Structures are given as C-alpha cells and as structure tokens.
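> Here it is, the structure in full.
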Amino acid sequence: MNKHVKFIIFLFSFSILNSQVVTDTVKSIQGDSLLQEENIENKIEQFTEKAEQEVDFSELTQNLEYYSRHPLNLNTATYEDLVKLGLLNDIQIRNLLTHRQKYGKLISIYELQAIDGFDLQTIYRILPYVKIASEESKTSWSLRNVKKYSKSFVLTRFTHTFPLAEGYKKDSGGYLGSPYKLYVRYNFSYFNLLSFGFTAEKDQGEEFFKGSQKQGFDFYSYHFYMRNVGPFLAVALGDYTLEFGQGLAMWTGLSFGKTSDAIYIKKSGRGILPYRSANEFNFLRGAAVQLKLTKYFYLYGFTSMRAKDGSGITTDSINQEEYTISSLNESGLHNTTTSVERKNNVKENLIGSRIQLNLNRLQVGYTSYLLHFNVPVVPSSDLYQQFYFSGKQQWINSIDYSFLYRNMNFFGEVAYDGDGLPAQIHGLMYAANYHYSLALLYRDFPRDFTSFFGSPLSEGSKPINERALYMGHEIKFSKQWWLSSYIDLFHFPWLRYQVDAPSDGVEFLSQLNYAPNKRSQFYFRYKYESKKNNFSETYAKIPLDNRKQTFRIHAAYPISDAFVFKTRVEILLHKYATESTKMGFLAYQDVVFRKKNSPLNFTLRLATFDTYSYDERIYAYENDVLYSYSIPAYYYKGSRTYFLVKYRARKNLEYWFRIAHTLYVDRTTMGSGLDLINNPAKTEVKFQIRYTF
C-alpha cells in the first residue's frame, strides 16, 4: 500500500495548497453552485450502489435544466411550484411562505438567511435555479405567446464500444444486431406549461430496421403534457409518471433512498409529470388529469395500457395457449433470440384515481387503483418467493399525509393490497434550531405485500418483507462546517434472495463537510453496512454477516476563474463470514474547465483502482453528455480515463464528445458470456449533437 499512501498524500497536499485560491475571481465559473452539483452526484452514486438495473437520471437533469433557464421567482412561487423545484423540504417551504406573508416580498436572495431552515448551504444549492423579482413575467395561452416563447430541440447520440465482445462475432449465436447504441429525441416546450415530443432508442446488440426490429428503433416513447388549462391543473397523454405520497402505493418517477443528506428522507410527490426518459420499464402509458375541485380539494384520474416483458414463462400442459410468468423483466434489452421472444408478452392495464386535500399545514391524499395482467403471475418455487404476488389482478388503496406543526413535519403513508396486513411508513423531520436537525422514519412492509409501482425509502429494491427504523442527524458547527449522519436498523421477517433465514442488518453513514463558499466542498465520509448472506459450510447454507466499511476523502475546489479540480480517495474493507478482510481502493483526479461565455468546456479524469474482487467494487460518478449518465463500478486492478468535451458552435447548436478507456493490469480478459472481451482494455466513444430552434 506504500504507493497508494504516497498518491493520497500528493493529491491532498496539492488540493489543500490550491484551496487558498478560491477568491472572488472564481465567480465567473459557469454554473453557480458546485455544492449543488456535488450533492446530485452523491445521490446518484448512492442510489446506483443498490439499484438492480441501469437507471436513467435524465429526469433530474431536465428539471434543473429548465429552472436554470427559467429561474423560479421566490416572491411569487406557490407551494406547488416550490415542491416541483425539488430542492427544499416542507419545513423550508412553509417557513418561506410564512415569511413572505408576514414581511412582504424578499429584497435579496441572501435575505433567506433570516428564514428558519435556510442556511448558506441551502442557499448555495438553490441559487442557480431561483431568483428574486418584484413582478413575475406573465405567461398565457395566447397563440402569439406560444409562438414567441416556445422552444424545440432535436438531439441525437451515438455510442460504440470496442473491441467487440464475443456476442457480436459471426456464428457466435449471440447478439442479433449491431454493437452501437443510438438515441434520438425531439422536444417542444412552452415554459413549463406545455411539452410534447418523442424519444427513440436502440440498445447495443439490438437489430435496426431489420429482423425483429423492422419498425426501426426497439423503443419509442411519446408524451403530451399541459398545465393550467381552465380547471385542469395538469393533463398528460401518452407516456407519463406519477408521484404520490411517500411512494408506497404509486411512484413511477425517479426515487432516491438513503443519501448523505441524512435528514432529507421525506418524498414530496409532484403529481403528474411528462415522461421523457429512455428507461423502458418504469412509466405509464395512457392518460392522466389533475382537476382543482375547490380551493382545497384536488382530483386525479389516470389510466394506462402498455405491454411489458415477462420472464420465467411456463406453459400449461393441458392448454398450450395458456401460460404464466414469474416476474417482469426490467432491463429493456431485446438483443438475443430469447429476449425478443419475451418482448411485450404481457399486457398491463391500470385505472385509478386520487383525491387530495391541501390546507395550509396539512395535506392528505387517498389513492386507489386497479391493476390487471392478461396472464397470471406465478412466482417461482423458491422458498423466499412463497409470499410474492400471485394472480392476474390487484387492487391497491393508500392514505398518505403530511402535517406541519411549528418546526416539525409529520408524514407517512399506509397502503393495503387486499391480501394481508397493510404496509406503512411514518416519519418525522424536526428542525430543533439552526445547529441541529433530526429525522426519524419507521417502515413496516409485510412479506406478502406487493406494490408494482411502489418506490418508498427502503433497504430492498421493493417495499416487501422489511421492518426498519431510520434515524438521521445534521449538526451545524458553523456556516462552513456541518456533520450529517444516519443509522438504519432493518429486519427481514422472512427469507430473502441468497439468505435462507429471517435476518437483520444495519447501515451507518457519517459525513463531515466543509464548504468555505459556494464554489468549494471538502468532506470525509465513513460508511458501515452489515447484512446476512448465505455461507456454504459442508452441506448447509448458513446466513452469516457480510460487512463493508468505506472511508472516503473528497475535495472539489476551483484553482482559477476557469478550472475546477476534484480529488477523491476511497478505501473499502470487506469482511464476509469467516473469510479474511479484503480491500478495495480507488483514487481519481478530475480537471474541469468551465469558463463563462466560453463556447468550449471539458472534463478530464485519471483514476486508479485496485480491489480484490468484484465484491469490493467502488462506484464513482462520471460526467457525461447531456441526458446520459455513467456511474461505473471500479473493480479488479487497473486504471480508467475519460475525456468529455462540449462545444457550442452557435447559440442553437451544441456538440458533445466523450471517450472513456479502461485498462486492467491483472487479467487478460474482461466481462463474461456474450459480453466477454478477449482484451484487458476497453474503450467507449460517445458523440452527441443538439439543435435548438
């Protein structure tokens, strides 16, 4: 480890010396809040560690990109507007509205410091997306305004990886199509009142205008979305998402779980949203409306009819036309004969409604929907799936609430699927004073509860077979220093995948942060996680402790008016059952060039990693082209480099180019099966162009 220690000392002695350069001259850096950027990257990294499938985070980018071009006026924003911003909790929102009601309009953005819950870090985070103005620019549905202020863009992205994997070679019986990935998107928008467009995507290995894909792209998505038209607060046709309550019954949008923002555990549902991402599973297709019945009551209605991929197909031995499936496939890949045969073999129909009461400090919602499949879902015979959903039809009802009392926010949701005990989640966010905040969350998901569209905060990927207590803290020592930490104690009452007994676990994270200004952030993180996993001993499988400890030092700081450096060192210690402790190591240095009014910016990363096995993998966020994300797992021993450049040729024409190269030094191949590459190195190239008009 001597060489790793020397590398750490070099990186952080360099960053400490250069952190002194953060003067007023860095205010010209493009993108006002490095703190907000770091916050988003942290959330995405922690989400990816637990995600079972690749996730499209473009929904998050699109929301913030809109507000960066059309900052939200804090003097006129409503409660619903501030919720849709997605950067403030309910306590902060209500305190802002109360302050505005008592004292009138804000004079300066920094007047927010006089409002409870708005510290400098919060102000830095929202700064690029809000403004203070005496009057709000009026937008109306006149044809003249729509023609004058509307925006459209066309975006195309091409991705290719080489050398080719074994599945692409002739006579391999592997992938059906070409190895490149192609993405096309068109979008028309008039502020946040109107949006329509389409998305088309061809994944690696899928055929294109031939064979199984004679229609061209494997995936097409269309949306039409309007707001504030007469009594209709929102209307969605085509593809859309729903966000209600705490996500126990219905949440098809992007949903984060436990993060280093330890007290931000409450979900604030934004209702009906247009779907503009390329994920092929987690959305609805049909129609949805939101109506304002009275000043306080809102009514939602929604319906969806779409096809999905079913796995684990079993044909009835008597009637060959009848079959069952054991699960729904979420990958969206149709690049082999088997995956093509399973494509759209299940029809999913949904109809539901929601009524919502919005008072000053109380919100209550009742959601009910009926889900129907055209074929029965029958889980596999594995013992841990004994209580999984079985059948064709499911009716779910839920009640969610949020109540503000002084500086406390009580919230929760109770859902019932008709087959057993109700599932429930209840929480409290308490801002005791400027220096201390607390969050508590209790969740109880029975082993026989199923919510196909549920995505609450949980340890597992779905709200099932889990009982837990979460406690988060945030302590502010000063305007620049604060400590955030959480502990999550969870119990699984029934068996789980690769755990042949009821089990317990714990996850603990503590992060010490230092942000001298809105341009810089330094933090040290310690994370501990312990869960059970089967350990084979003689003829029996015994669930034993599987423990991981992570130590991370991270620094993000500008060194001039154009350059930002990001430095990270991370060490992971893994102890499984009676085996010896194994280690993973990652260190990287980023150089980011962002200069105001410059048509060119770029990011360069140099990374080195060394882990004992895949089990010690370390995830790290990488900058990517617009609406695309890269959060690879670094494992084995080697290096990784990527270079991303963006060039604005004209005001309405932008280009992106990204190249990423991975080299292993302890093996001669990478991947397995059809993805096996007989080479220790791999290179991925992306090219993207966006034309706005």
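> I need the semi-axes of the equivalent ellipsoid of region 31-137: take the C-alpha gyration tensor, multiply each eigenvalue by 5, square-root it, list largest first in whole angstrom.
27, 14, 13
> Would you calculate a helix-derived [θ] at 222 nm for the chain, using -39,500 (n - 2.57) for each DSSP H run of n ≥ 4 and dividing by the full residue count, to the nearest 500?
When only DSSP H runs of four or more count, the value is -4000 deg cm²/dmol.
> Also, I was wondering about something else. Any idea how far the Cα center of region 528-577 sits from the one of region 256-271, in Å?
22 Å
> Is region 120-166 rounded, prolate or oblate when judged by the Cα gyration tensor, a ≥ b ≥ c being the square roots of its eigenvalues, rounded requiring a/c under 1.5 and prolate requiring a/b larger than b/c?
Here region 120-166 falls in the oblate category.
> Report the gain in length on full extension from His491 to Tyr323: 0.36 nm times residue separation, minus Cα-Cα distance, nm rounded to one decimal.
That works out to 56.9 nm of additional length.
> Still on this structure, please answer the following. Where q = 0.23, 0.30 Å⁻¹, what log10 of I(q)/I(0) comes from the Debye formula for region 513-576, counting one point per Cα?
Log10 I(q)/I(0), no solvent term: -0.92, -1.16.
> For region 607-663 and region 60-122, what is the separation of their Cα centres, given in Å?
33 Å
> Now for a different question. So, with +1 on the Cβ of K and R and -1 on the Cβ of D and E, and no other charges, what is the size of the charge dipole of region 209-437 about its Cα centre, to the nearest 20 debye?
Values: 20 positive and 17 negative charges, 215 e Å.
Here the size comes out at about 1040 debye.
> Residue-wise, which Karplus ³J(HN,Hα) couplings in Hz belong to region 212-223, taking 6.51 cos²θ - 1.76 cosθ + 1.60, θ = phi - 60°, and x for glycine or proline?
6, 10, 5, 7, x, 6, 6, 10, 10, 9, 10, 9
> Also, I was wondering about something else. Multiply the residue separation of Arg361 and Leu626 by 0.36 nm, subtract the distance between their alpha-carbon atoms, and state the gained length in nm to one decimal.
91.6 nm
> Let me ask another. If packing is taken as the average number of other Cβ atoms within 10 Å across a peptide's residues, how do 408-417, 156-165 rank, most packed first?
The densest-packed peptide leads the list: 408-417, 156-165.
> A further question on this structure: In whole Å, how far is the Cα centre of region 461-509 from that of region 404-434?
16 Å
> Amide H of Asn89 versus every other amide H placed in the peptide plane: which residues, excluding those fewer than 5 positions away on the same chain, fall under 5 Å?
none
> Could you check how many percent of all C-alpha pairs in the chain are farther apart than 41 Å?
Within the chain, distances greater than 41 Å cover 29 percent of Cα pairs.
> List, in order, the whole-Hz ³J(HN,Hα) value for each residue of region 674-686 obtained from phi through the Karplus relation with A = 6.51, B = -1.76, C = 1.60 and θ = phi - 60°; use x for Gly and Pro.
Values, residue by residue: 5, 8, 5, 10, 7, 6, x, 10, 9, 10, 10, 10, 10 Hz.
> Would you kindly state how much longer the chain becomes between Ala133 and Met305 on full extension, computed as 0.36 nm times their sequence separation minus their alpha carbon distance, in nm to one decimal? Mind dumping the intermediate values first?
Numbers: separation 172, 0.36 × 172 = 61.92 nm, distance 4.37 nm.
Contour length minus the Cα-Cα distance gives 57.5 nm.
> Ranked from highest to lowest mean number of other Cβ atoms within 10 Å per residue, what is the order of the peptides 347-353, 443-449, 476-482, 561-567?
443-449, 561-567, 347-353, 476-482
> I'd like the trypsin sites (Lys or Arg not before Pro) in region 201-298 restricted to DSSP loop residues with at most 15 other Cβ atoms within 10 Å, sorted by number.
Lys214, Lys295
> Are there trypsin sites (Lys or Arg not before Pro) in region 650-691 that DSSP puts in a loop and that have at most 16 other Cβ atoms within 10 Å, and which ones?
For trypsin sites (Lys or Arg not before Pro) across region 650-691 that sit outside H, G, I, E and B with at most 16 neighbouring Cβ atoms in 10 Å, the list reads Lys651, Arg667.
> Can I ask one more? Taking N as the number of residues in region 209-437, what is its Cα Rg relative to 2.2 N^0.38 Å? Provide the component values of the computation, followed by the final result.
Numbers: Rg = 20.3 Å, N = 229, 2.2 N^0.38 = 17.3 Å.
Dividing the Cα Rg of region 209-437 by 2.2 N^0.38 Å gives 1.17.
> Excluding Gly420 itself, calculate the net charge of residues whose Cβ lies under 13 Å from the Cβ of Gly420, where each Lys or Arg counts +1 and each Asp or Glu counts -1. Don't skip to the end; give the middle numbers.
Working: positive: Arg447; negative: Asp417, Asp419, Asp444, Asp448.
Neighbourhood net charge equals -3.
> Two decimals is fine: what's Rg over Rh for region 567-693, C-alpha atoms, Kirkwood radius as Rh?
My calculation puts Rg/Rh at 1.07.
> How large is ³J(HN,Hα) for each residue in region 652-668, as worked out from phi by the Karplus curve 6.51 cos²θ - 1.76 cosθ + 1.60 (θ = phi - 60°), to whole Hz, x for Gly and Pro?
Calculated HN-Hα couplings, in order: 10, 9, 10, 10, 10, 9, 9, 10, 10, 10, 10, 10, 9, 10, 10, 7, 10 Hz.
> Check every DSSP H run in the chain and write down those whose alpha carbon atoms cover 15 angstrom or more along the long axis and whose mean Kyte-Doolittle hydropathy is 0.5 or greater.
Qualifying helices, which must be both long enough and hydrophobic enough, are 2-18.
> Taking H as built 1.01 Å from N, whose amide H comes closer than 5 Å to the amide H of Ser628, not counting residues under 5 places away?
Long-range HN contacts for Ser628: none found.
Throughout, read-outs are computed from the coordinates displayed, never taken from laboratory work. These numbers were taken from a predicted model, which means no experiment stands behind them. Please note: Cβ atoms are built from the backbone with ideal geometry, for glycine as well, and neighbour counts cover all protein chains shown.
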